[in-house]
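Student: Questions regarding the structure given below will be posed in turn.
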Amino acid sequence: MDEASVTLKQQNEQLQREIESLRLRLQEAQNANLAKESFLSNMSHDIRTPMNAIVGMTALAKKHIDEKSRVSDALDKIEIASSHLLSLINDVLDMSRINSGRMTVVEELFSLGDLLHETLTIVRPQAEQRQHSFHFDAENIFAESLYGDALRLRQIYVNIINNAVKYTPERGEITLSVREEEADGRCVLVFLCRDNGIGMSEDFLQRIFDPFERVSSSTLSGVEGTGLGMSIVKKLIDAMAGTIAIESAPGRGTTVTIRIPLRYESVHLNTAPLESRRLLIIEADEALQTLYRRFLDEAGLSYTIVSSSSAAVSAITEADFRGEGYSCAILGRDVGRSNSIFELASYLHKAKSELTLVLVSDLDWGEIEYRANRSGISAFIPIPFFRKSLINGLAHALESSDTGTVSSAVPDLTGKRILLAEDNDINREIACEILSATKVSVDCAANGQEAVDLFLGSAVGTYDLILMDIQMPVMDGYAAVARIRGEAREDAQTIPIFAMTANAFAEDIARARAGGMNGHIAKPIDINLLMQTLRQAL
Amino acid sequence: MLSYQQQYLENVRKIAALSDFYGISAPDYESWYEKQLLSRRQIATLREENIALLSGYLFPALDELHTASEADINALEEFAGALMDWSTNLDCGIYLLIHDSLLSLYRFRRDRNRVIKELYMVGMGLYYQSRSLQGIECEALTALRFRNEMVFTEGGSYLKFFSELDDEETKGYIIRSLANIAICSSDLGRRVAISKRVLQIVQDDYYRSRAPSLPWDTFLQRTHMQMSSNRAVLSKGGLSAEELAAVLESCEVVFKPESGTETPNVRWLWPYYEMEYSCGFVDLATTLSRMERLIEDAPYDSYDVSGLYANVQLPIYYGRLVRDNPSLQTKHEHIRFLDRAYRKMMRTLLSCPAESFTDFFFYNICLVVTDYFEIDGVESYRDITTKLMKRLTGHLYIRSRRAGELMRLCSTAIYRSDPAFFDDIGFLRSVPNGAEKEKAVADYAEQCGLYHDFGLIKMNFERLCQTRDLFEGEQRMYELHTISGHDDLAARRSTAIFADAALGHHRWYDGSDGYPADYVRNSSPYRQMTDLVAVVAFINDCDALSPREAVASVIAQEHSRFSPLITAFLSDEALLAGIEEIFRQHDEPYYRELYCGLTGSDSETTN
């Protein structure tokens, strides 16, 4: 009886366990189903919202198809909605990859300066739009070359900063700081983002990493986002063996601290090209001046710092007079006047031929590169900069100027061939002398007809560029270009042709362009303008 | 000077004389009109001749500057100097082109003394060129001023080597460049600091003894004058006690020689009075009464610097005080005086003979167009600017009147076909459809035509455009007339509704080209009217094509440059015939309006 009773009891307990297990599995299945329903519900809402804009605006554009600008306005809105939709899809895909274990973090060498510059470039426009003041500090940066997944790190930082920007009422304050700590032979990169925004409740903080969780607020409207960002951030940080800590309270702002351990490479400073060179730094921002002094003094380099454009022009003129010219002018973030960086660069480029111009800026290089190059700027160092990025960046700029491998005062055009049409002997001689510095081969023609004959008599691809005087005997420049462009040979349409003329009428310049010339160089020839043209064309 | 240079100079002067509608006398309207048409043809011929002279002689000379003889270079310098003698700006563009070329040449030759001189010359050219953009706050002006400041800064930087240079003339250019940094800086504090430094330098025996032949006392007096023009800084604050004292002292220095004379130069008297007000030594009432006395004492037909200062600038400053002190706006006596002062100002400007059209005169015009304070009780901005347009830019007036007539014709045709076409414009939408609305649309359209090139009045480009083709840089400056016109029109009640037509008429319909890029068609409620102005302006200015060909060209550019909603109406035969008829009149009705002003039958123009 006792034995049977024990067995029965055991069986009963076994059954109870199985019932409990089944109940738990049912609960899990129900939870999973609920999560799926919730996910679908959230997704359908989040997808429908931008889709409404896309469908509605498309219909509106079709209705006003004759009014191009109204159509263009609709397309702008469709573009915004599409981009939001795309980011939602990307987030969902990221989540899916992470959940299925298909996402891996890579370990590649990257520059901390570049990573931070790119991050700041992405987030700054939105912060400026909301008129936030934006502070960035870096301290104890001993490792600039790190091993890690720069793309995913940028994704994490951008996500965190974007939340600060979005959840802080206009004209708020956002402070970012980066520091490095050494632990077990690794560099722990500590990123901190502090805002004085609306903050979060304790309850919300518990759920912040759950998908589709967003802060609801009566003070902020129109906050957009997929609600997946923080989940992704958390999973990425986990994958990098890092940690994230969030301190927040309603109405008292939020501070996010992220710590990621990374391998690093020791800094090698390339000071050789900078030795015995004089550098001029134009920077009005005192904090940046301090950084320059620290890094350049540590490297034992010779430099002068001025805080305005006019002080720079004076310093360069004075140094030239004494025959102690500067090799390089560093155009800083704040040169004392807004919008004058490019004007200053143009002025220096035109007036002082030997100077290598380097722009140190927090602007997006991709957006300003064309204008910067046209102004004579030949290198770019992104802000924030650290010891290595500054010293090596400057060394690279000067080295390149010396060897002519990148845009600088005199480009290296070895292997290139130019056809120069100029009737005046002295002008021809001067042009050849200027061009000889570039190591380019030059064939000369004394009039348009000779130029045409030389071009047509050469094999296709012989010449890389033509410099064409306009007023010449026998055949003028316009006629010569018309003949060349009218030929059927392959390079007749593509070879860059520049007018060299003192004809300053806007109509003449327009005529030169309409006649098939690519640009115009004013006479008497300005060395720097000629070099700049060659650099851009070849 | 070489003969082509003399010829060009003579042509420029002839064009100036021929373009003065009021300088041509005739016994009756018919013969006056004939003379005007003849002048128009002569101007066109002289213009072509000028372009040929520049293309055939000047440009080749600059082309071959490296091989030019010293005599040729001297001739170029003399030519440049004659085109811009600091009081009469005949052709600042050529002046600048020559000196910019010489600067490049001397930089290439590493001729330091000549570089210093050319830096000064180029700086002056840039300064005078930037004056035509006065009152237009834009990137182009900022860039021009910046380059100007850098040029003078580079020239002034040689001060450090003053004793090492051997040429006294070159030393003079260094001092002058240094002093002139102040005139191109928009930062008052910086201007004061520079002038203060220059005051110290020009009084320093170290420098004086190293260049004894330089006119140091003249430098000193001019620098005090420059410093006194910075007195606005007194009401803004932020200066150190020393800088403040320097401004006060300079006001006193320029005031003293004038205060004891019977006919003081008001230009140097006023800074002292203004300084006294800014420092609280005298109250507003005293300042206003001093101003009133100076304005009333000046004969209206005094066109020298002092006369223009009293008759034009002081009324404008009086208006500023009324604008900045709302309590004055409720006091009838001040408004009445302002009205009297403004009327006298207009009398001076409208009666000024063409030979007194100096650079200073045009600066005053610019000041009036930019700063006129429109308030109940004074003439409207619309009225005074129409008068200025008639007197100073007659050809612009004729062309704009023709544009107005074309606008009236086209807008009426559009209205009759689609009465709701212009209903995005609030004040037109509120008028019930019918004859009254048709008239409202036509009247508004006509005024948009008249005011679309308004920005050109103060830019003083008309004479330059009559003289020759524009250079590339000038063309970019010319394009700013859209922004300038918009800003001035938009700031006044009587003209605000024409502002968008001025801004947007050169911008392409699809936004892909034209200027200014700032004009966003979709955000303007006046866009349909501005679209029409763009079409009419194109047809109106298309001298090389017949009206029908111009219309065909417009239609060929529909959807891109021109609105298809407007071009849809242009195939109407009656409308085309109307457009041709307007051109067939050879502007006779508008010349008649000018003639009425000349003979006094239009009292508004000659009071």
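Values in this text are rule-based calculations from the coordinates and carry no lab data. Just so we're clear, the structure is a prediction, and the values are computed from it rather than from any experiment. Neighbour counts are summed over all protein chains in view; Cβ atoms, including those assigned to glycine, are modelled from backbone coordinates with ideal geometry.
Student: Please compute the alpha carbon radius of gyration of segment A:417-537, then divide it by the globular-protein estimate 2.2 N^0.38 Å. Two decimals is fine.
Tutor: Details: Rg = 12.9 Å, N = 121, 2.2 N^0.38 = 13.6 Å.
Cα-based Rg divided by the globular estimate yields 0.95.
Student: Let me ask you something else. Could you give me the ³J(HN,Hα) list for segment B:158-166, computed from phi with Karplus coefficients 6.51, -1.76, 1.60 and θ = phi - 60°, whole Hz, x at Gly and Pro?
Tutor: Computed from phi, the couplings for segment B:158-166 are 6, 4, 4, 10, 3, 6, 7, 8, 9 Hz.
Student: Let me ask another. Can you give me the long-range amide H partners of residue A:445? Hydrogens built in the peptide plane at 1.01 Å from N, cutoff under 5 Å, separation of 5 or more residues or another chain.
Tutor: Amide H neighbours of residue A:445: A:420, A:421, A:422.
Student: Plugging the Kirkwood radius over Cα pairs into Stokes-Einstein for segment A:63-112, at a temperature of 4 °C and a viscosity of 1.567 mPa s, what D comes out in µm²/s?
Tutor: On the way: Rh = 14.2 Å.
Approximately 91 µm²/s, per Stokes-Einstein.
Student: Now for a separate question. Applying the Karplus parametrisation 6.51 cos²θ - 1.76 cosθ + 1.60 with θ = phi - 60° to the phi angles of segment A:294-302, what ³J(HN,Hα) value in whole Hz is obtained for each residue in order, glycine and proline being reported as x?
Tutor: Residue by residue, segment A:294-302 yields 4, 5, 6, 5, 4, 8, x, 9, 9 Hz.
Student: To the nearest 20 debye, what charge dipole does segment A:272-403 have about its Cα centre, counting +1 at the Cβ of each Lys and Arg and -1 at the Cβ of each Asp and Glu?
Tutor: Numbers: 13 positive and 18 negative charges, 22 e Å.
Once rounded to the nearest 20, the dipole reads 100 debye.
Student: First check a/c for segment A:254-356, with a ≥ b ≥ c the square roots of the eigenvalues of its C-alpha gyration tensor; if it is under 1.5, answer rounded, and if not, answer prolate when a/b is larger than b/c or oblate otherwise. If you can, show how the numbers build up before the last one.
Tutor: Details: a/c = 2.56, a/b = 1.53, b/c = 1.68.
Cα axes put segment A:254-356 in the oblate bin.
Student: To continue, here is another question. Kirkwood hydrodynamic radius, computed over distinct alpha-carbon pairs, for segment B:283-376: how many Å, to one decimal? Intermediate values should be presented prior to the final figure.
Tutor: Numbers: mean 1/r = 0.0749 Å⁻¹.
Every distinct Cα pair counted, the radius reaches 13.3 Å.
Student: Once you've got the Cα coordinates, tell me which of A:416/B:117; A:352/A:416; B:160/B:196; B:117/B:196; B:331/B:437 are over 29 Å apart. Intermediate values should be presented prior to the final figure.
Tutor: Numbers: A:416/B:117 39 Å; A:352/A:416 26 Å; B:160/B:196 17 Å; B:117/B:196 23 Å; B:331/B:437 38 Å.
Result: A:416/B:117; B:331/B:437 exceed 29 Å.
Student: Excluding residues on the same chain fewer than 8 positions from residue A:166, give the lysines whose Cα lies under 24 Å from its Cα.
Tutor: Residue A:166 reaches A:77, A:234, A:235.
Student: Can you work out ³J(HN,Hα) from phi for every residue in segment B:273-288, in order, using Karplus 6.51 cos²θ - 1.76 cosθ + 1.60 and θ = phi - 60°, giving whole Hz and x for Gly and Pro?
Tutor: After applying 6.51 cos²θ - 1.76 cosθ + 1.60, I find 4, 5, 4, 4, 5, 5, 8, x, 6, 10, 8, 4, 4, 4, 4, 5 Hz.
Student: Rounded, prolate or oblate: which fits segment B:383-606, taking a ≥ b ≥ c as square roots of the Cα gyration tensor eigenvalues, rounded meaning a/c under 1.5, else prolate when a/b beats b/c?
Tutor: rounded
Student: Whose amide H sits under 5 Å from the amide H of residue A:521, counting only residues 5 or more places off or on another chain, with H placed in the peptide plane?
Tutor: Under 5 Å from the amide H of residue A:521: A:499, A:500, A:501.
Student: Follow-up. Enumerate the lysines that residue B:458 could reach by cross-link, defined here as Cα to Cα under 19 Å, with residues fewer than 8 away along the same chain left out.
Tutor: Those lysines meeting the cut-off are B:387, B:390.
Student: Also: How far is the Cα center of segment A:108-144 from the Cα center of segment B:392-428, in Å?
Tutor: One Cα centre to the other: 54 Å.
Student: Where does chain A land at 222 nm, in deg cm²/dmol rounded to the nearest 500, when only DSSP H runs of n ≥ 4 count, each adding -39500 (n - 2.57), divided by all residues? Provide the component values of the computation, followed by the final result.
Tutor: Numbers: 16 runs with 262 residues, N = 538.
So the helix-based figure for chain A works out to -16000 deg cm²/dmol.
Student: So what is the 222 nm mean residue ellipticity for chain B from helices alone, if each DSSP H run of at least 4 adds -39500 (n - 2.57) and you divide by all residues, rounding to the nearest 500 deg cm²/dmol? Don't skip to the end; give the middle numbers.
Tutor: On the way: 35 runs with 416 residues, N = 607.
It comes out at -21000 deg cm²/dmol, rounded to the nearest 500.
Student: While we're on this one: Please figure out what share of the DSSP beta bridges in the protein assembly as shown is antiparallel and state it in percent, rounded to the nearest 5.
Tutor: Working: 35 of 78 bridges.
The answer is about 45 percent antiparallel.
Student: Expressed as a whole number of Å, what is the distance separating the alpha-carbon centroids of segment B:62-139 and segment A:311-373?
Tutor: Between the Cα centres of segment A:311-373 and segment B:62-139 lies a distance of 24 Å.
Student: Which order results if A:416, B:331 are arranged by neighbouring Cβ count within 10 Å, fewest first? Kindly include the intermediate steps, with their values, before the conclusion.
Tutor: Numbers: A:416 18, B:331 13.
Neighbour counts put them in this order, fewest first: B:331, A:416.
Student: Let me ask you something else. Straight-line reach only, C-alpha to C-alpha below 20 angstrom: list the aspartates and glutamates that residue A:439 could link to, leaving out same-chain residues fewer than 8 apart.
Tutor: A:354, A:399, A:402, A:412, A:422, A:429, A:464, A:526
Student: Nearest 20 debye, what's the magnitude of the dipole of the protein assembly as shown about its Cα centre given +1 on Lys and Arg Cβ and -1 on Asp and Glu Cβ?
Tutor: On the way: 117 positive and 164 negative charges, 271 e Å.
Roughly 1300 debye for the protein assembly as shown.
Student: Could you list log10 I(q)/I(0) for the protein assembly as shown at q = 0.04, 0.08, 0.09 Å⁻¹, which the Debye formula gives when each Cα is one point scatterer?
Tutor: Relative scattering, expressed as log10 I(q)/I(0), comes to -0.29, -1.13, -1.39.
Student: Would you pull out the residues with amide H under 5 Å of residue A:475's amide H, same chain only if 5 or more places away, H placed 1.01 Å from N?
Tutor: A:448, A:449
Student: A further question follows. Would you work out if segment B:439-550 is rounded, prolate or oblate? Take a ≥ b ≥ c from the square roots of the eigenvalues of the alpha-carbon gyration tensor; rounded if a/c is under 1.5, else prolate when a/b is larger than b/c, oblate otherwise. Each step should come with its number before you reach the end.
Tutor: On the way: a/c = 1.43, a/b = 1.23, b/c = 1.17.
Note, shape of segment B:439-550 comes out rounded.
Student: For chain A, what is the percent of antiparallel DSSP beta bridges, rounded to the nearest 5?
Tutor: On the way: 32 of 74 bridges.
Rounded to the nearest five, the antiparallel share is 45 percent.
Student: Among bridges DSSP assigns within segment A:116-187, what percent are antiparallel (round to 5)? Can you show the working numbers first?
Tutor: Values: 2 of 9 bridges.
Antiparallel bridges: around 20 percent, rounded to the nearest 5.
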